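Before any comments, here is the structure.
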Amino acid sequence: MIASKTNLFNMLTKKRYGNKKHWTDLFSYFYLAIGVLLMFGPVLWLGLSSFKTAAGLTEYPPTFLPLAQLEVMVEGYKKPLLLYNVKMEDGSLMELAEIRRIGIISQMVDPNNPKIRYKIPIENRERIREFKMAWENYTEPLERFNFLHYLKNSVSVTVLATIITLIINSMAAYGLSIYEFKGKTVAIVFVIGTLLIPLTIILVPVYYVISNFMMVNSLWGVILPGAATPTGVFLLRQYMLTLPRELIEAARMDNASEWSIYWRVVLPLSLPAIAVLAIFSIMWRWNEFLWPLIVLGRSEVYTVQIGLNAFQGELITQWHYLLAMTILALLPIAIIFAFLQRFITTGIASSGMK
Amino acid sequence: MLKKKIIYEIAEWPFRLLMSAIDVLMRPIQKIVGINGMPYIFLLPNFLFFGLFVIIPLGINLIFSFTGGTELYVENRPFVGDKQYQFIFDCENYFIPNSCNEDLFWRGVYNTITFVFFQVGFMVIFSLITALILNKKIIGRSFFRSVYFFPVLLSPVVVGVIWKWILLRNGLLNSFIENFGGSKVLFLTEPTWAMFWVVFVSIWAHMGFYTLIILAGLQAIPPNLYEAAEMDGTKRERIFWRITLPLLWSNLLVVIILALIKGVQTFDEIYVLTGGGPGTSTSLIVQYIYTTGFAAAGAVQNFGLAAAASMILGIVLLVLTLIQLYLGWSKEEKKQDI
């Protein structure tokens with residue numbers, strides 16, 4: 001009887017490979033739980049903090065949720081006063097508003113009876129707070145600083161650069177995949193060669209080229225140098241090689257020009273690969289940092305990343321604005337990731353590019 | 001459905017217009033060069049960009065590194081021979097940066113070595129563990145995969161701000177520490193802690209990418225090998241050491257080299273997080289090039305010295321990349337053998 005019971009239990013819990021519990025199973029979930037905390041936590045904390053008021057951010061120890069102290073208008077005072085719970089000397093509790101604080105003594109007033117003033121030691125009072133999202137962190141920088149302008153610059157760079165990259169990369173990939181011609185091997189080796197030369201080792205001369213074209217402090221100086229990507233050429237070529245040659249031969253029979261074969265036949269068929277490259281290009285361009293930092297020296301041409309960096313490097317950092325703008329800077333990428341995650345992960349897994 | 005189609009057509013319209021316009025230009029060109037000449041036309045724009053922004057600059061970089069002065073325009077720069085290189089390599093003892101003429105460069109070199117050693121080492125280990133776990137049959141696998149992956153997409157500035165905010169003197173981490181009875185630590189202004197956090201944050205930001213590549217390698221291992229081992233009752237530890245690791249090894253080597261190539265070039269997150277500080281304790285080699293060439297506060301922009309340092313970095317990267325390409329090729333060949 002007992003034996004059959006354990007058999008049934010084994011049958012129900014049997015896994016595909018083996019049926020023994022292993023320490024790695026438990027460890028896996030433990031590891032993943034910590035992972036979620038470590039990977040998500042910081043971003044969650046950024047999000048929550050970005051809704052705190054400037055005063056709320058300086059609070060230590062920090063509160064988890066964005067809380068703001070209640071304020072109240074009191075007769076006879078122009079500005080709203082902050083509300084406190086106060087333990088009076090006789091032990092009773094009162095809600096009082098603070099007029100001013102001198103050292104460790106706070107001058108307070110009862111909002112319902114503004115005539116009488118109290119002098120309260122500050123350790124006897126406690127702030128009254130409520131959950132409040134400080135949306136002004138988001139709206140004020142857009143009006144007061146150039147942040148909207150930075151956003152516009154970033155969008156221009158991202159869109160233009162991606163379009164240029166897609167067109168010239170797909171043209172080169174078409175040339176390298178459809179035709180047999182003299183010097184093809186040389187051209188492919190050439191593309192691999194450019195893969196060996198990252199921008200970090202040619203910063204000075206590329207800056208020199210850019211300044212010869214009068215593109216220092218211009219968005220074109222950011223867009224053009226990275227427009228031709230070897231990874232993009234290879235990704236698209238690899239895909240185009242799989243297209244059936246008969247299609248192209250048939251189009252040639254119909255007297256189509258080479259250019260129209262390229263954009264009417266090959267491009268539409270390569271759409272999956274082009275989509276992957278487009279997503280990557282958008283992410284590269286939106287997040288680009290070192291090169292724009294060198295080229296863009298004036299705040300009118302700053303992109304979001306450069307603007308954020310300038311803002312965080314200021315002597316007195318205005319964290320409440322900085323955090324909100326950081327959220328704005330990561331939002332577009334977060335949206336792309338949420339919708340196109342599969343494209344991105346398969347793109348990376350298959351081509352090893354980032 | 002119809003609505004979707006209309007949207008597509010509106011989005012397509014500018015594309016069609018552009019392409020037809022180029023077509024008008026291309027027809028006479030095709031008449032002149034013939035079909036056999038067309039591939040060159042298709043390659044031209046991309047290769048023009050490569051030439052202008054990669055190949056020619058590489059040549060100019062060499063020229064820059066042999067010239068001095070403060071002018072940007074090459075024709076105004078005096079030729080100084082290998083003076084820039086001599087300046088960099090003028091050391092009494094290469095292992096003590098202080099004994100060097102250009103001690104900042106050597107500090108950058110040693111910081112980079114320290115950084116890359118720990119960053120690549122721990123990142124590959126954690127990526128491997130994560131990939132192994134994500135390769136198991138667990139609940140919510142795709143969710144966990146995106147959790148580990150999403151920081152890869154964040155910009156370095158965003159990553160820097162996020163962690164700076166946590167590591168502040170009155171930040172979240174210090175409040176945890178005080179909560180558990182510790183005392184506040186100045187994470188970003190104590191040299192050892194700053195280096196620790198720079199490595200940590202860099203791993204945090206890039207681990208997902210390598211996890212994904214290793215995961216792809218794991219999934220390429222034929223499942224019948226595992227089935228056979230299970231049937232023989234092989235222990236899991238043994239399966240890992242005898243099947244998984246040997247078959248993953250070539251993939252892992254590529255990952256290590258790729259991480260080295262990227263690690264040596266690290267600049268962005270560190271620049272935002274610590275600015276290379278305190279002092280120069282987290283200033284890596286790319287930051288040295290950047291400050292020397294473009295951003296030395298109050299000092300002249302020393303393009304020649306920056307170019308010479310770039311050439312040295314370039315040689316290191318070239319060696320690493322050639323190893324990577326060699327490994328990639330031998331991996332392909334092995335695949336064909338199977």
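Say the dipole of the protein assembly as shown comes from +1 at the beta carbon of Lys and Arg and -1 at that of Asp and Glu; which of A:ILE316, B:PHE64, A:MET108 then lies farthest toward its positive end?
A:MET108
Please list the radius of gyration and Dmax for segment A:71-226, considering alpha-carbon atoms only, with Å as the unit.
Taking only Cα atoms of segment A:71-226, I get Rg and Dmax of 32.7, 99 Å.
Say the cut-off is 26 Å between C-alpha atoms; which of B:LYS137/B:LYS235; A:LYS132/A:LYS152; B:LYS5/B:LYS31; A:LYS182/B:LYS31; B:LYS136/B:LYS235; A:LYS79/A:LYS115 go over it?
Details: B:LYS137/B:LYS235 18 Å; A:LYS132/A:LYS152 30 Å; B:LYS5/B:LYS31 36 Å; A:LYS182/B:LYS31 19 Å; B:LYS136/B:LYS235 16 Å; A:LYS79/A:LYS115 17 Å.
Over 26 Å apart, Cα to Cα: A:LYS132/A:LYS152; B:LYS5/B:LYS31.
Tell me, what is the Rg over Rh of chain B, with Rh the Kirkwood radius over Cα pairs? Mind dumping the intermediate values first?
On the way: Rg = 26.0 Å, Rh = 24.6 Å.
Rg/Rh: 1.06.
What are the extents of the Cα atoms of chain A along their three principal axes, in Å, largest first?
Principal-axis extents of the Cα atoms in chain A, largest first: 100, 88, 39 Å.
Can you work out the FRET efficiency for the pair B:SER175 and B:LEU44, with r the C-beta to C-beta distance and R0 = 51 Å, to the nearest 0.05? Intermediate results must be reported in sequence, preceding the final value.
On the way: r = 60 Å, r/R0 = 1.17.
According to the calculation, E is roughly 0.30.
A:ARG129 to A:VAL36: FRET efficiency via 1/(1 + (r/R0)^6), r the Cβ-Cβ distance, R0 30 Å, to the nearest 0.05? Before the final figure, lay out each step's value.
Numbers: r = 29 Å, r/R0 = 0.97.
Result of the calculation: an efficiency of 0.55.
Over 34 Å, how big is the tail of the calculated P(r) for the protein assembly as shown, in percent of all Cα pairs?
On the way: 135988 of 239086 pairs.
Cα-Cα pairs in the protein assembly as shown separated by more than 34 Å: 57 percent.
Select from B:LEU18, B:LEU273, B:LEU188 the residue whose mean-square fluctuation is largest in a Gaussian network model of chain B (Cα-Cα springs shorter than 10 Å).
Maximum fluctuation in the GNM of chain B, among the listed residues, is at B:LEU18.
Using 0.36 nm per residue of separation minus the Cα-Cα distance, give me the extension gain between A:GLN341 and A:TYR77 in nm, one decimal. It would help to have the intermediate numbers written out before the result.
On the way: separation 264, 0.36 × 264 = 95.04 nm, distance 5.52 nm.
Contour length minus the Cα-Cα distance gives 89.5 nm.
Suppose the Debye formula is applied to equal point scatterers at every Cα of segment A:39-143; what is log10 I(q)/I(0) at q = 0.11, 0.15, 0.18, 0.22 Å⁻¹?
-0.44, -0.73, -0.93, -1.16
Just to check I understand the Karplus step: with θ = phi - 60° and J = 6.51 cos²θ - 1.76 cosθ + 1.60, what whole-Hz values come out for segment B:86-101, glycine and proline as x?
After applying 6.51 cos²θ - 1.76 cosθ + 1.60, I find 4, 4, 5, 8, 7, 9, 7, 9, 5, 8, 10, x, 5, 7, 9, 4 Hz.
Which of the listed residues, B:ASN302, B:GLY37, B:GLN219, is farthest toward the dipole's positive end in the protein assembly as shown, when Lys, Arg count +1 and Asp, Glu count -1 at the beta-carbon?
Value computed over the given set: B:GLN219.
Could you tell me which of B:LEU134, B:GLN324, B:ILE256 has its Cα farthest along the dipole of segment B:100-337 towards the positive end, charges placed at Cβ (Lys, Arg +1; Asp, Glu -1), taken about the Cα centre?
Selected residue: B:LEU134.
Quick one: putting +1 on the C-beta of Lys and Arg, -1 on the C-beta of Asp and Glu, what dipole do you get for segment A:145-351 around its Cα centre, in Debye to the nearest 20? Don't skip to the answer; put the middle values down first.
Numbers: 10 positive and 8 negative charges, 24 e Å.
It works out to roughly 120 debye.
Starting from the Kirkwood Rh over alpha-carbon pairs, what translational D in µm² s⁻¹ does segment A:145-351 have by Stokes-Einstein at 37 °C and 0.692 mPa s?
Numbers: Rh = 19.0 Å.
Answer from the Stokes-Einstein relation: 172 µm²/s.
Just the ratio, please: alpha-carbon radius of gyration of segment B:179-307 over 2.2 N^0.38 Å, N its number of residues. Walk me through the numbers on the way to the answer.
Details: Rg = 21.9 Å, N = 129, 2.2 N^0.38 = 13.9 Å.
Expressed relative to 2.2 N^0.38 Å, the Cα Rg reads 1.57.
Can you sort B:PHE150, B:PHE122, B:PHE143 by how many other beta carbons sit within 10 Å, fewest first? Could the numbers behind the result be given before it?
Details: B:PHE150 20, B:PHE122 15, B:PHE143 11.
Ordered by Cβ neighbours within 10 Å, fewest first: B:PHE143, B:PHE122, B:PHE150.
Quickly work out the A:GLU249-to-A:LEU44 label distance, labels modelled 7 Å from Cα along the C-beta direction, and quote it in nm with one decimal.
So the label points at A:LEU44 and A:GLU249 sit 6.0 nm apart.
In debye to the nearest 20, how big a dipole does chain B give about its Cα centre with +1 on each Lys and Arg Cβ and -1 on each Asp and Glu Cβ?
Details: 24 positive and 21 negative charges, 269 e Å.
It works out to roughly 1300 debye.
Would you list which aspartates and glutamates come within 17 Å of B:LYS164, measuring only between C-alpha atoms, while excluding same-chain residues fewer than 8 positions from it?
List returned: A:GLU59, A:GLU314, B:GLU190, B:ASP268, B:GLU269.
Report the label-to-label distance for B:TYR8 and B:GLU75 in nanometres (one decimal), using points 7 Å from each Cα along the Cα→Cβ vector.
Between B:TYR8 and B:GLU75, the label points sit 5.5 nm apart.
To the nearest 0.05, what FRET efficiency results for A:ARG117 and B:ARG141 with a Förster distance of 56 Å applied to their C-beta separation?
Values: r = 64 Å, r/R0 = 1.15.
Plugging the Cβ-Cβ distance into 1/(1 + (r/R0)^6) gives 0.30.
Bear in mind these aren't lab numbers, they're just calculated from the coordinates by the rules spelled out. Since the model is a prediction, treat every value here as computed from it, not as a measurement. Cβ: placed from backbone, ideal geometry, glycine included. Neighbour counts: every protein chain shown.
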